[in-house]
Amino acid sequence: MAAVGFLVVRAATGGGGGASSPEAAVEELAEALEAEDPIAALDAMDPGEVEALTDVVESASERAAELGFSPEEKTFGGVDIGLTGTRYEVDELGDGVARVTIVEGSARVSIDRDGLGEVTGAIVDAEDPESDTTTLDASDLAVEGDEGEVEPFVMTVRRGGGWYVSPTYTAAQYAVDLVGLADPDVPGPDAGEGADSPEAAIEAVLLGAAGADGDAVGDLVSGETGEAVRTYRGALEEWVGEGIEDSSAEIDSLETEVANRDAGGRRVVVTELEGRVEWTNADGESGESTVAWDGTCLDVTDADTGDGDEMDAAAPESAFCLTEAWGRLGVDELAVVVVEEDGGWRVDPLATVTDYAAAIVPELTQSHVLRVLGIPEAAEPTAEISAGEPTTVELDEAGVAVLSATIAEGERFTVTTEAEGEGEIGAYLVAPDGDIDPAFTIVEPEVAGTYELVVFTEAWAPSEVTVGLSTVQEEPIAVGDVVDGELASGSEVVEYAADLDEDTSYAVGFDNDELGLEVIDPDGLALELTEDDDPDSNVRTFTTGDAGTYRIRVDGGDDRSPGTYGLTLDEAVPFVLGDGTTATAQGQIDGPSDEQFIDLEVRGGASVGVTVTTTAPGFDIVVILRDPIDDTEIERYDDRGPGEAESIIFTPDVDTTWRISVVGRNDSTGAFTVEAFEE
């Protein structure tokens with residue numbers, strides 16, 4: 001809300017002429033905050049950075065009042081700020097640029113709830129219903145960066161004969177301090193000649209940015225923003241080119257539409273772009289990405305490096321599209337404002353942002369703002385949901401629906417969602433005490449009351465979503481039990497609780513692949529289930545950790561379908577030898593070409609040993625491990641002499657059937673016994 005307050009009309013005052021020193025500029029800003037005077041606050045800021053926002057500020061202020069975020073008569077209404085004991089240290093980084101660090105002082109922020117906008121008041125009540133006053137010391141505003149703690153500061157610049165606070169320089173210097181980027185070069189170099197045309201300015205900025213060339217970008221950016229880019233060009237190059245030793249770009253085609261802009265300059269719409277970026281990383285490896293913009297979607301795709309591999313340092317395949325949701329917010333094309341300055345054309349970032357803001361602000365809804373702030377649950381619920389059959393709900397313009405549900409204490413439940421079309425669905429629960437719980441796991445409420453369920457999509461667009469709220473049915477199960485069950489609806493969940501031993505392997509038989517199956521340990525974590533490599537098998541195995549109550553969870557699966565099922569729980573057999581009726585098998589080698597085969601099925605993760613023995617003193621045993629599909633030899637075991645045993649060990653990652661064959665070395669013959677055992 002403070003941000004909305006700052007975006008108030010600068011009006012036609014033309015600024016206050018600046019302060020006499022960097023410290024005085026910060027003091028003017030502090031006094032304006034204490035006086036709740038946003039115009040005076042903006043007068044303390046660099047005119048070139050804020051005056052372009054005049055029309056947008058008026059629109060934002062009016063829209064904030066319309067949506068209930070601020071009272072109509074005063075954007076700062078209901079907020080009282082008091083500063084005491086402030087002391088600053090000034091460090092002039094170069095001619096016309098100074099850093100002002102707040103080394104001492106405190107701020108008291110008091111809230112008059114009756115003076116707040118309706119929505120803002122409700123948010124404040126929900127967040128902290130007891131306190132109306134917050135006190136912050138200067139040390140509370142320090143932040144931890146890669147190079148250590150950064151004390152709070154603002155950057156100031158000299159324009160003409162006066163000093164002003166610069167939001168752009170402040171943001172850039174915080175990035176330098178927090179990430180450890182290159183120090184600014186103060187004063188920054190003068191701008192170059194600019195481009196010959198608006199289209200050429202767009203192309204030059206794109207090539208400079210892709211090549212991490214701070215000088216080139218700084219030459220093609222207008223006004224105070226361009227000055228800041230040139231001053232911090234070293235930091236810009238480090239940030240954009242992190243992990244890249246060298247990069248370059250080419251534009252194969254660029255199509256634009258250029259129109260005059262009422263507020264001055266040209267509005268350049270990029271309708272088509274094709275190009276590529278090449279780079280070499282710090283390890284000397286090179287790569288290439290192709291870039292394409294068709295007027296609606298941007299695609300960046302890794303090119304093959306020539307050896308069949310894609311570079312880790314390359315940009316991954318990505319896409320950004322101007323969806324219908326953007327269109328509803330007034331954004332249906334990629335446009336950049338370009339102005340003529342000192343005889344050349346340059347990109348104007350502030351005017352570009354201003355144009356986008358002017359289009360978006362009037363279209364914003366309360367839900368849009370709350371979602372941007374990360375508190376969509378602050379909106380009033382639109383419907384109530386209860387356990388039972390799934391309910392269809394309408395997501396609003398921001399792709400959000402807030403529902404309410406009355407939950408009893410200890411009533412375990414879960415949430416399911418399903419929507420038509422693309423885009424993942426997200427959801428979370430807000431408990432009566434304000435705690436946030438994930439919605440798609442089993443929720444175990446500690447308090448009874450009304451919970452809020454927030455459902456949203458990535459698309460930020462209206463749509464229909466089917467939401468199910470299901471209490472969890474709990475049943476006991478013991479090792480050796482056979483269960484027949486049914487899910488009457490896809491939103492139902494059944495959990496079978498079993499007390500299991502530590503470090504023991506168990507097998508779950510489950511005969512409906514359309515349904516979901518999970519095993520949850522005593523800590524609430526899902527265990528890895530190992531499936532048999534036999535496609536006709538319905539057995540999954542798992543191994544316990546600590547002894548305790550484990551839950552076998554059955555739900556509607558990915559499709560949230562109802563259905564019947566059969567379920568069994570047994571201790572997992574670590575191996576199956578031959579026909580599985582015994583841990584031993586016998587055989588006889590009668591001649592030089594004779595070979596006996598035994599199949600050994602080993603459960604994934606189990607260590608199983610196989611020993612082949614003989615009572616014939618002249619029989620020299622050879623054990624061959626073969627592929628069960630085509631009988632090709634994998635490994636041969638022939639370490640012992642005549643009459644002695646041969647042994648092998650299996651520890652596969654997945655359930656696998658191996659084929660073992662026994663032959664006699666040097667045409668020896670005799671009877672043998674194969675014995676399998678858990679290692």
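The values are calculated or read from the model by the stated rules, or taken from the named source; none is laboratory data. Since the structure is predicted, the reported quantities are computational estimates derived from the model, not experimental observations. Backbone-built Cβ (ideal geometry, glycine too); neighbour counts: all protein chains shown. Only protein heavy atoms, including side chains, enter the accessible area calculation; ligands, DNA and RNA are left aside. Shrake-Rupley method; radii C 1.70, N 1.55, O 1.52, S 1.80 Å.
Taking the charge dipole of the chain about its Cα centre, with +1 at Lys and Arg Cβ atoms and -1 at Asp and Glu Cβ atoms, the residue from A448, T615, I111 reaching farthest to the positive side is I111.
Based on protein heavy atoms only, segment 465-531 ends up with 48 Å² per residue of surface accessible to a 1.4 Å probe.
Over its Cα atoms, what ratio of radius of gyration to 2.2 N^0.38 Å does segment 378-425 give? It would help to have the intermediate numbers written out before the result.
On the way: Rg = 12.4 Å, N = 48, 2.2 N^0.38 = 9.6 Å.
Rounded to two decimals, the normalised Rg is 1.29.
When you filter the GluC sites (Glu not before Pro) in segment 80-174 for DSSP loop state and at most 12 other Cβ atoms inside 10 Å of their Cβ, you are left with E130, E147.
Can you work out the accessible area per residue across segment 175-270, with the rest of the protein chains kept in place, probe 1.4 Å, in square angstrom?
Numbers: 4770 Å² over 96 residues.
On a per-residue basis, segment 175-270 sits at 50 Å².
Going by the alpha-carbon gyration tensor, a ≥ b ≥ c the square roots of its eigenvalues, is segment 87-229 rounded (a/c under 1.5) or, if a/c is not under 1.5, prolate (a/b greater than b/c) versus oblate? Judged from the Cα gyration tensor, segment 87-229 comes out prolate (a/c at least 1.5, a/b above b/c). Scalar couplings 3J(HN,Hα) for segment 222-227, obtained by applying the Karplus form with A = 6.51, B = -1.76, C = 1.60 to θ = phi - 60°, are 8, x, 5, 5, x, 4 Hz; x denotes Gly and Pro. If I compute solvent accessible area with a 1.4 Å probe over the protein chains, what percent of it on the chain is carbon and sulfur? Answer for the chain is 46 percent, counting heavy atoms of protein chains only.
Between E411 and V447, the simple spin-label model (points 7 angstrom out along Cα→Cβ) gives 1.7 nm. The Stokes-Einstein estimate for segment 407-448, based on a Kirkwood radius over Cα pairs and taken at 20 °C with 1.002 mPa s viscosity, is a diffusion coefficient of 187 µm²/s. Packing around the peptides 329-337, 383-391, taken as the average count of other Cβ atoms within 10 Å per residue, puts them in this order, highest first: 329-337, 383-391.
Quote to one decimal, in nm, the extra length available between E571 and S110 on full extension: 0.36 nm per residue of separation minus the C-alpha distance between them.
Values: separation 461, 0.36 × 461 = 165.96 nm, distance 6.42 nm.
My answer for the length gained is 159.5 nm.
For L334, the residues 5 or more places off, or on other chains, whose built amide H falls under 5 Å of its own are V270. Dividing the convex hull volume of the alpha-carbon atoms in segment 505-564 by its residue count gives 91 Å³ per residue.
If you take all other residues with their beta carbon under 10 Å from the beta carbon of G468, and give Lys and Arg +1 and Asp and Glu -1, the sum is -2.
Per residue, the Cα convex hull of segment 195-267 amounts to 94 Å³.
Please work out whether segment 599-661 counts as rounded, prolate or oblate from its C-alpha gyration tensor, where a ≥ b ≥ c are the square roots of the eigenvalues and a/c under 1.5 means rounded, while otherwise a/b larger than b/c means prolate and anything else oblate? Please report the intermediate quantities before stating the final value.
Numbers: a/c = 2.79, a/b = 1.80, b/c = 1.55.
Cα axes put segment 599-661 in the prolate bin.
Taken over segment 411-540, the ratio of Cα radius of gyration to 2.2 N^0.38 Å equals 1.25.
Loop-located GluC sites (Glu not before Pro) in segment 152-251 (DSSP state not H, G, I, E or B) with no more than 13 neighbouring Cβ atoms inside 10 Å: E193, E242.
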